[in-house]
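J.: First the structure, which I've put down as structure tokens, then a few questions once you've had a look.
The values are calculated or read from the model by the stated rules, or taken from the named source; none is laboratory data. This is a predicted model, so every value here is computed, not measured. Note that each Cβ is placed from the backbone with ideal geometry, even for glycine, and that neighbours are counted across all protein chains shown. Keep in mind that these areas ignore ligands, DNA and RNA; they rest on the heavy atoms of the full protein, side chains included. Shrake-Rupley method; radii C 1.70, N 1.55, O 1.52, S 1.80 Å.
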Amino acid sequence: MNILILGSGGREHTFAWKIAQSSKCNNLYVAPGNSGTAEVATNVNIAVTDFDAIKNLVLDKNIDMVVVGPEDPLVNGVHDYFLDDDAIKHVAIIGPQKVAAELEGSKEFAKEFLYRHNIPTAAYESFTKDSVEKGYAFLETLKPPYVLKADGLAAGKGVVILNDLDEAKTELKSMLVDAKFGDASTKVVIEEFLDGIELSCFVLTDGTNYKVLPTAKDYKRIGEGDTGLNTGGMGAVSPVPFATEAFLNKIEERIVKPTVEGLKKDNLPYVGFIFIGLIKVGDDPKVIEYNVRMGDPETEVVFPRLKNDLVEILQAMASGTLGTINIDIDERAATTIMCVSGGYPEAYEKGKEITGIENIKDSIPFHAGAQIMDGKIVTTGGRVIAITSYGKTYQEAIKKSYQSIDKLHFDKMYYRKDIGFDL
């Protein structure tokens, strides 16, 4: 097959790394890709939401399958765009159709889905700028901390958790009235705070059958001890040590099965990855959010543990035969540490040369915000490179990642030195 991956981050480099290992893949393209994908595929400088340019590439390169990495093209209907065009509707698209992508595109849509299908989640209400006073009143009924979520896509930064009621009211006004997150916060969901430890569950589905991938836990805060601003993710660990077999069974029975059944009942056409953000409250799992794609940096620890040929799995998803596949998982732990630009997630400089990647032998460097310019690999994003390692235990894997990071350099490079600290 000729395969196209859409996206440019660490997740897409991991997809490319895994797909390139398959004998079923002839030519692999990534749009727009990064310096890492360039090593295993052909990068094509096309934006993930430029559907007309993507169509032309698909026809020009005789692409058989498009694997969608990020959420933007899915929420904007890339799958539907292909289905609506006779020239390209035969191409397999891995990623849900637009109506199903609302599970990530709208927090309110997701909460309504969870409630409708009796899937455990936090109590919530949603508000607009016309009901901001009601929002204040609802906040007064809750115990701190207060969780405010921009309804739309805000690049992973639209969730605010505050301990002070007055601050929460000010933040609600800033989101709704002052449009802090632009169109994403024309509606805001306020929900009860769930106290527990988070983990991510990844599900593959062809719309009828499903398979569960290994669990992972990521670390969102910029500062050590889980302090400071939220980021796109500073590191991840798989498997999650506290996810016992009994707990995983609860996740499957109470959350995964009703989610896949709910998609069918609601006629939400879904071929792709379901990322379920969970929290363990006591001994019970509850859903924090859905994403309609793989997580980043969790992909960088989940796919390295997948022993199957990924293209075979993707073909089964596209053809509705996922039920015939047995998922084979590497027993080893995998961890990844994200090296980021100084200043991230706020303002940071780009164009810093990255050196030492070639010296990393015991880990896999997955490039994220990095590109080749004038023959050098330079930083182009906040999250620059994820260093993934295997180990008998997650502690051993983490140690390897930190040893590999010592060989890496770019100006103002920052990383958390405590990934896995809470396990």
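J.: Determine which member of the set Gly391, Gly375 is open to solvent by 10 Å² or more (accessible area, probe 1.4 Å) and more than 21 Å from the chain's Cα centre (by Cα).
T.: Of Gly391, Gly375, the one residue that is open to solvent by 10 Å² or more (accessible area, probe 1.4 Å) and more than 21 Å from the chain's Cα centre (by Cα) is Gly375.
J.: Anything in region 236-264 that is of a type in the set (A, V, I, L, M), free of Cβ contacts under 8 Å to residues at least 60 places away in the same chain and part of a loop (DSSP other than H, G, I, E, B)? List them, or say none.
T.: Ala243 - this is the single residue of region 236-264 that is of a type in the set (A, V, I, L, M), free of Cβ contacts under 8 Å to residues at least 60 places away in the same chain and part of a loop (DSSP other than H, G, I, E, B).
J.: Now for a different question. Could you tell me which residue of region 282-294 is nearest to Leu28 (Cα to Cα), considering only residues that are touching an Asp or Glu at 6+ places or on another chain (Cβ under 9 Å) and modelled with pLDDT of 95 or more?
T.: Arg293
J.: What residue, among those in region 343-372 that are touching a residue at least 60 places away in the same chain (Cβ under 8 Å) and in a strand (DSSP E or B), is farthest from the chain's Cα centre (by Cα)?
T.: Ile372
J.: While we're here: Across region 12-39, what is the number of residues that are open to solvent by 20 Å² or more (accessible area, probe 1.4 Å), closer than 20 Å to Glu298 by Cα and under 18 Å from the mean Cα position of the chain (by Cα)?
T.: Residues in region 12-39 being open to solvent by 20 Å² or more (accessible area, probe 1.4 Å), closer than 20 Å to Glu298 by Cα and under 18 Å from the mean Cα position of the chain (by Cα): 1 in total.
J.: Further, regarding this structure: Give me the strands (runs of 3 or more DSSP E) completely within region 170-235, filtered to those with at least 3 residues that are open to solvent by less than 50 Å² (accessible area, probe 1.4 Å) and at pLDDT 95 or above, ordered by residue number.
T.: So the answer is 197-205.
J.: Considering (1) free of Cβ contacts under 8 Å to residues at least 24 places away in the same chain; (2) among the hydrophobic types (A, V, I, L, M, F, W, C); (3) open to solvent by less than 40 Å² (accessible area, probe 1.4 Å); (4) in a loop (DSSP other than H, G, I, E, B), say which one Ile119 fails and leave the rest.
T.: Checking Ile119 against (1) free of Cβ contacts under 8 Å to residues at least 24 places away in the same chain; (2) among the hydrophobic types (A, V, I, L, M, F, W, C); (3) open to solvent by less than 40 Å² (accessible area, probe 1.4 Å); (4) in a loop (DSSP other than H, G, I, E, B), the one that fails is (1).
J.: Out of all the residues in region 265-288, is one or more in contact with a strand residue (DSSP E or B) (Cβ under 8 Å, 6 or more places away or on another chain), over 19 Å from Leu103 (Cβ atoms) and not in a strand (DSSP E or B)?
T.: No, every residue in region 265-288 fails to be in contact with a strand residue (DSSP E or B) (Cβ under 8 Å, 6 or more places away or on another chain), over 19 Å from Leu103 (Cβ atoms) and not in a strand (DSSP E or B).
Residues are listed down the side, and each one gets a yes or a no for (1) in a loop (DSSP other than H, G, I, E, B); (2) touching a Lys or Arg at 6+ places or on another chain (Cβ under 6 Å); (3) at pLDDT below 95; (4) of a type in the set (Gly, Ala, Ser):
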{"position": "Ile385", "(1), (2), (3), (4)": "no, no, no, no"}
{"position": "Tyr390", "(1), (2), (3), (4)": "no, yes, no, no"}
{"position": "Gln395", "(1), (2), (3), (4)": "no, no, no, no"}
{"position": "Lys400", "(1), (2), (3), (4)": "no, no, no, no"}
{"position": "Gln403", "(1), (2), (3), (4)": "no, no, no, no"}
{"position": "Lys407", "(1), (2), (3), (4)": "yes, no, no, no"}
{"position": "Asp411", "(1), (2), (3), (4)": "yes, yes, no, no"}
{"position": "Arg416", "(1), (2), (3), (4)": "yes, no, no, no"}
{"position": "Gly420", "(1), (2), (3), (4)": "yes, no, yes, yes"}
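J.: Give me the pairs, please: first residue somewhere in region 404-419 and buried (at least 17 other Cβ atoms within 10 Å of the Cβ), second residue anywhere and of a type in the set (Lys, Arg), beta-carbon distance under 7 Å, and either six or more positions apart or on two chains.
T.: The qualifying pairs are Phe410/Lys352.
J.: Can you find a residue in region 65-75 that is out of contact with any Ser or Thr (no Cβ under 9 Å at 6 or more places or on another chain) and part of a loop (DSSP other than H, G, I, E, B)?
T.: No, region 65-75 has no match at all.
J.: Now, a different point. Evaluate the following for Phe138: is it surrounded by fewer than 20 Cβ atoms within 10 Å (Cβ to Cβ) and either in contact with a Ser or Thr (Cβ under 6 Å, 6 or more places away or on another chain) or part of a loop (DSSP other than H, G, I, E, B) (or both)?
T.: no
J.: Do we have Phe82 as in a helix (DSSP H, G or I) and open to solvent by 40 Å² or more (accessible area, probe 1.4 Å) here?
T.: no
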